[in-house]
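Encoded as structure tokens, the structure appears first; notes follow it.
Each reported figure results from applying straightforward, stated rules to the coordinates on display, with no laboratory input. Computed from a prediction, not measured in an experiment: that's the story for all the values here. As a convention, Cβ positions derive from the backbone with ideal geometry for all residues, glycine included, and neighbour counts pool all protein chains shown.
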Amino acid sequence: MLYFYPIYFFILIILTEIAAYFWHYLGTHRDIIPSLFQVQKTHGIHHNTIDDQAHGDFFYVLTFLILFLISLIYLYYQNFLSLFQISIIYIPVFLTFLWNWYIHSAYHIENHWLNSYQWFQEDKRLHFQHHANPETNFGIASHFSDVMFDTFDYGLLQNIA
């Protein structure tokens, strides 16, 4: 039975990354969320300011995570979920969010310690390709959703030696 948990965590991380892709693609680049929330406005500021780390955007995701946790706790009090089940649902989702937030913030810090790694430099170039062409590369720390949904810009990969 223990072999199931790594598979479960992996699937949940994949689903979280896909949800993050759709949030970025639909929530910040399309006009489907009411303008009173100012999602597109904060994301537009991020796209036009090189050192803006998009904390305004992540505020909305953090709000979602809080509401998601409250709904899981509600299900606990309705005896639909145990605390263990809440933990194995929420922890991978929250850690995936933290990872994406950290990596994304690092992209916008000129002398970040991750800049010394080739994988990070490649991801950073792909991220800034999204800034240059906002119809591509919606993934933050991974781009498998971009590949799945045909929004990955392969052009930058030709420049990587």
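Give all pairs with beta carbons closer than 7 Å in which a residue from the range 100-116 that is free of Cβ contacts under 8 Å to residues at least 40 places away in the same chain meets a residue that is in a loop (DSSP other than H, G, I, E, B); count only pairs at least 6 apart in sequence or on separate chains.
Hits for this filter: Ile103/Ile140; Ile103/Ala141; Ala106/His112.
Let me confirm something: among Ile86, Ile103, which residue is over 17 Å from the mean Cα position of the chain (by Cα) and surrounded by 15 or more Cβ atoms within 10 Å (Cβ to Cβ)?
Just one listed residue meets the conditions, Ile86.
So, in the range 108-149, of the ones that are more than 22 Å from Thr16 (Cα to Cα) and not in a helix (DSSP H, G or I), which residue ends up farthest from the chain's Cα centre (by Cα)?
Asn111
As an exercise: evaluate Val93 against (1) under 20 Å from the mean Cα position of the chain (by Cα); (2) more than 14 Å from Thr16 (Cβ to Cβ); (3) assigned to a helix (DSSP H, G or I) and give the number of the one condition it does not meet.
Going through the list (1) under 20 Å from the mean Cα position of the chain (by Cα); (2) more than 14 Å from Thr16 (Cβ to Cβ); (3) assigned to a helix (DSSP H, G or I), Val93 breaks only (2).
Consider the range 113-149. How many of its residues are in contact with a helix residue (DSSP H, G or I) (Cβ under 8 Å, 6 or more places away or on another chain), surrounded by 15 or more Cβ atoms within 10 Å (Cβ to Cβ) and closer than 23 Å to Ile13 by Cβ?
Number satisfying all stated conditions: 16.
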